[in-house]
Structure formats: structure tokens, C-alpha cells
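Asker: Take a look at this one; I'll ask things after.
The values are calculated or read from the model by the stated rules, or taken from the named source; none is laboratory data. Since this is a predicted model, take the numbers as computed values, not measurements. Neighbour counts run over all protein chains shown; Cβ positions are idealised from the backbone, glycine included. The accessibility values were calculated without ligands, DNA or RNA, using every heavy atom of the protein model including side chains. Shrake-Rupley method; radii C 1.70, N 1.55, O 1.52, S 1.80 Å.
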Amino acid sequence: MDLKALVMESDTSKFTVIPAHKYRRSSRSQHQPSSSMAATVEQSHSARGHFERIPIEVFHMILEYLPVKEISALSMVSKAISSCIAGNISTLAWRNRMMLQEFHKCGQHNKEDSILEHYRALGLLFKRCTFLLPTKERLKFIYSKLSQVPCFTMGRCSAMPGCLGFASYGVFLQTLIAGWDELECHRVFNFLCDFTSLSRKIHTVVTSKSGVSPRLEIQIRLFCRNVLLDHWQSSRDTLFWLTRILKPWPMVNQARLIYIIYGPLTLDGRIGWQKLTEGAAEESNVKDMADAIRLLHGDQETKEWTADSVISLIDELSAVPSEWLLENSARLLILCGNRICYTSMASKAVSGRVSEARQDGRFLALVCEKDSYCMDWAVKMMQKICKVFSNAEEKWNFLQTVENVFCQVTMELYESVMAGDRNEDTDTFQSLCNVLNANAHFHTEILYTFIKKE
């Protein structure tokens, strides 16, 4: 064999390795994968989703074009996408774009509704994209974003009480924790108390003189009402949060806190501490407090509030910041409803406070006259109170003292009117007319009740 033939044989043997190698690779690709391997690959692919192939910067650009509700729905696709969205909402650019802060420029009702709806959608987004986190970590993540908005923090907003910030915070929180059990809601309340120093601030206002810290009082009122209490559709939820606010404090402080949260306001937006002590107040000044008391009294499930504790709370409340006018106390009892009014007056009658019970009876009739309630309601209430006495003599003495109170008040007002100038003292003259009318209508109803029985 010549040299040329040897070279050709050597080259042929060398090149035969490559086709064999290619053949082995091609032969592997022709083999079908096993069913278990195919299932694993498909499952991994579906878990990551097609968005995994997109660079994170491009994914964030896509999110910029989506409304909050669609981003919220997208966060439910997979854990990976939810993590990407959570990372996106942690950026400064997202916060500047999505955390609307036009709380002081609303003015129009439609604009306010739009802002509240936006934060309701944000609450759903945060609820979904933090779904897999433990409650504590979840709350820390959310609070780290919300705390950067000045109007969501007590003491940092300069436009209280006209700011929509706390109301937006409230709808956000209500949407976020809707459906959570009571244990988790307890954790939410404790978390808020820790990070907002709510307990320390409440301690400051309930242990100091009324009106000393007017700005802090109104901040606590707005935070409790707009963030924790007013947005719940179920009275049971409102009761839960109101109980969490009140229960850590002694009864006297609970009463003061009720007044701060639900009491009347002055024209300049401060707590109206003197409105119920210096003159007859309108129904609207005590209605919210009456609604809160009825809510506490209606607690039939948790039993955290008993009838005795609610009646004690009313007694303490009617002395905040000092003794109310008896007319205002009677107006509160009427608005609290039959059960609470009867329980309060009956407890006074059987505990040696008969003089207070008869004063309540006289002012029930007066308030019914002034506020246009049916006078027969006051008569029926007095009939029920009489039944708590053990014998006829006690009943007679009670009714006689009620009559004496009517006479005494009438004579005092009459003498005041006669001693002064009627044109200058129209309020006293009007009070006398109201008492005389109440007396007449009250006794008319008593006679009518007696005649009906015959």
C-alpha cells in the first residue's frame, strides 16, 4: 500500500467517529420521554408560567399598564408571579404612582368615592399578594408601605379633620382583613396599637383634663372612627373593634373614651366637652353615643358586656366631664331604647336612688314633648318602673314625688319669668311652656290609660 492510500485510510477512520457521535445524539432525541418525566416538566412549566421568561424589567413595565384590580387578579396566577408583584409594589416608582395622596383636594363627592374605591382595590391586591406570608410578616410588609403616606399616621397630617386619609386607610384595612378569624384580628389590633402608639395616646387623653390636648383628642376620634369602626357592614364586626378599644381601660376611662369617639363636636371641630353640661343639647349630639351603647348592650355572643356593665357605663358617661343636664341624660336614655332605659331607671329605683329615678321620669316626659315623641311611651315606662316596688305604698310615694318634681320645676320657671323681662328671657319662657305642655300631655295619657282599662 502506497503512502497516498495510507493517508486516505487514516482520514477515513478518523472521520468515521463524528458520524457515530452525531448518530448517538440524534438517537437520544428520537426516543420518547417517559410519562412521569413529561408530567414533571409540564407541572414545572405551568407553575412558573410564561411570565417567567420575561425579564423582570419588562414585567414591571407591563404592570404599569394594568389597573389595580387586574394586577390583583394576576397575583393569584402563581406564587412566582405573586412574588414579582410584591417586589414591584415595594418600589418607590410604584408607590408614587399607586398610593394616591389627594386627600385634601377632594371637594366633590364623586372624587371622594373614587379615592375610597381605589384603596379598597389596593386592599384586595395586598391581601392576595401577601396570602402565603405569616400574619405578623404580612402586617409588617403592608405597614412598611402604608406608613410612608403621611395622612395615614396620627400627628403627621396638617389638614385634620377634613382629610380623607384615615377613611382611605379604613376601607383598605377592612378589605384586607375581611374573612379573618378573631385571633388574627386580635393580632391586627395589637399590631396597630404597637406601631401607632395608640394605647399611649389614649392614656394621655383619658387621664388628663378634658380639652387639654384638643388636637390629640380629635386625632384619636378620627382614627378610631374612620380606620377601625365605621366601615364595617356588620354590627358584630363593629362591636368587636369597639370592644378592643374600650376593654383595656377602667370604666371611668371607657366612658371618657366613648365621649371622645362619639360625643358632640364644636363648630371648629373640637370635642364639645361642655355641650351637655351647660344647656339642652340637640338629639344629634347624643345619638352616636346612644348607638354605641345599644351596640354594647346587644352583645349576646361574646358576653364581654353585661347589662350591669353597660348601665354602669351610662352612669359614668353622664358625668363626663361633669354632671350633664338631666334633660340630656333623659334624651340619651330614650335614644338607647326601651330595654336600656327601663334597666337604668329600675336599677336606681331598687338601689336606693329613687330621687334620681323620679327625676328621670319627669325629664322623659319633657324630652318626649320637646322632641315630638309619643307621650304614651313615657307613661308606659313609668308603669313598668312602678312594678319594681314591692307594695302599693311605695308605688304611691314614687308617683307622688314625680308630681312634686313637676310642680317644683314649674314654679321655679314661673318665678324666673315673672322676675325678668319676657322679651329678654325668651329661653326661660319657652322652657316654662315646654314643662306645662309636657305636664298636661303626660297626665292626659295617664287618664286615657285609666279610662281604657274600664
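Asker: Taking loop as defined by DSSP and a crowding limit of 11 other beta carbons within 10 Å, which trypsin sites (Lys or Arg not before Pro) in segment 84-138 fit?
Answerer: Details: sites: Arg95, Arg97, Lys105, Lys111, Arg120, Lys127, Arg128, Lys136, Arg138; in loops: Lys105.
Of the trypsin sites (Lys or Arg not before Pro), the ones in loops of segment 84-138 whose Cβ has at most 11 other Cβ atoms within 10 Å are Lys105.
Asker: Could you tell me how far the Cα centroid of segment 224-250 sits from the Cα centroid of segment 388-411, in Å?
Answerer: Result: 41 Å between the Cα centres.
Asker: Given a 1.4 Å probe and every protein chain left where it sits, what share in percent of the accessible area of the chain is carbon and sulfur?
Answerer: 54 percent
Asker: Any idea what the relative contact order of segment 270-419 is, in percent, if you count C-alpha pairs under 8 Å spaced at least 6 apart? Each step should come with its number before you reach the end.
Answerer: On the way: 114 pairs, mean separation 31.4, N = 150.
Averaging sequence separation for qualifying contacts and normalising by length gives 21 percent for segment 270-419.
Asker: I've got another one for you. In percent, what relative contact order does the chain have, based on Cα pairs under 8 Å that are 6 or more apart in sequence?
Answerer: Rounded, it is 8 percent for the chain.
Asker: Going through the cross-link list Lys79/Lys247; Lys79/Lys303; Lys111/Lys209; Lys209/Lys384; Lys247/Lys275, which pairs have a Cα-Cα distance over 31 Å in this structure?
Answerer: Lys79/Lys247; Lys79/Lys303; Lys111/Lys209; Lys209/Lys384
Asker: Which shape class applies to segment 152-262: rounded if a/c is under 1.5, otherwise prolate when a/b exceeds b/c and oblate if not, where a ≥ b ≥ c are the square roots of the Cα gyration tensor eigenvalues?
Answerer: Judged from the Cα gyration tensor, segment 152-262 comes out oblate (a/c at least 1.5, b/c at or above a/b).
Asker: If you fit an axis through the alpha-carbon atoms of helix 3-15 and take the longest principal axis of the Cα set of the chain, what angle between them do you get, 0 to 90°, nearest 10?
Answerer: Orientation of helix 3-15: about 20 degrees from the principal axis.
Asker: How big is segment 125-199 by the Kirkwood estimate over distinct Cα pairs, in Å?
Answerer: So the Kirkwood estimate lands at 13.2 Å.
Asker: Whole Å is fine, so just give me how far the alpha carbon centre of segment 126-159 lies from that of segment 163-207.
Answerer: When both Cα centres are located, 11 Å separates them.
Asker: Continuing with the same structure: Convert each backbone phi in segment 336-347 into a coupling constant with the Karplus relation 6.51 cos²θ - 1.76 cosθ + 1.60 (shift: θ = phi - 60°), then list the ³J(HN,Hα) values in order as whole Hz, x for Gly and Pro.
Answerer: Along segment 336-347, the couplings run 6, x, 4, 4, 5, 4, 5, 4, 5, 5, 5, 5 Hz.
Asker: Can you list residues from other chains, or at least 5 along the same chain, whose modelled amide H is less than 5 Å from the amide H of Leu265?
Answerer: Under 5 Å from the amide H of Leu265 lie the amide H atoms of Gly272, each far enough along the sequence or on another chain.
Asker: Cα axis of helix 354-370 to longest principal axis of the chain: angle in degrees, 0 to 90, nearest 10?
Answerer: Helix 354-370 sits roughly 80 degrees off the main axis of the chain.
Asker: With label points built 7 Å along Cα→Cβ from the Cα atoms of Ala178 and Lys395, find their separation and express it in nm.
Answerer: Calculated label separation equals 5.4 nm.
Asker: Taking a probe of 1.4 angstrom, what is the accessible area of His186 in Å², to the nearest 10?
Answerer: His186 has an accessible surface of roughly 60 Å² with all protein chains in place.
Asker: Can you list the HN-Hα couplings for segment 237-247, worked out from phi with the Karplus curve (6.51, -1.76, 1.60; θ = phi - 60°), rounded to whole Hz and with x for Gly and Pro?
Answerer: 5, 4, 4, 4, 6, 5, 5, 4, 6, 8, 4
Asker: If packing is taken as the average number of other Cβ atoms within 10 Å across a peptide's residues, how do 57-67, 294-304 rank, most packed first?
Answerer: Numbers: 57-67: 12.5, 294-304: 14.5.
So the order, starting with the most tightly packed, is 294-304, 57-67.
Asker: A follow-up question, please. Gain in length, Arg53 to Gln274, computed as 0.36 nm per residue apart minus the alpha-carbon separation, to one decimal in nm?
Answerer: Extra length available between Arg53 and Gln274 comes to 72.8 nm.
Asker: Please identify the GluC sites (Glu not before Pro) of segment 332-431 that satisfy two criteria: DSSP loop assignment and at most 12 other Cβ atoms within 10 Å. Which are they?
Answerer: Here the GluC sites (Glu not before Pro) that fit, given the DSSP loop and packing criteria, are Glu424.
Asker: Would you please report the Å³ per residue occupied by the convex hull of the alpha carbon atoms in the chain?
Answerer: On the way: hull volume 108.9 nm³, N = 454.
Normalising the Cα hull of the chain by residue number yields 240 Å³.
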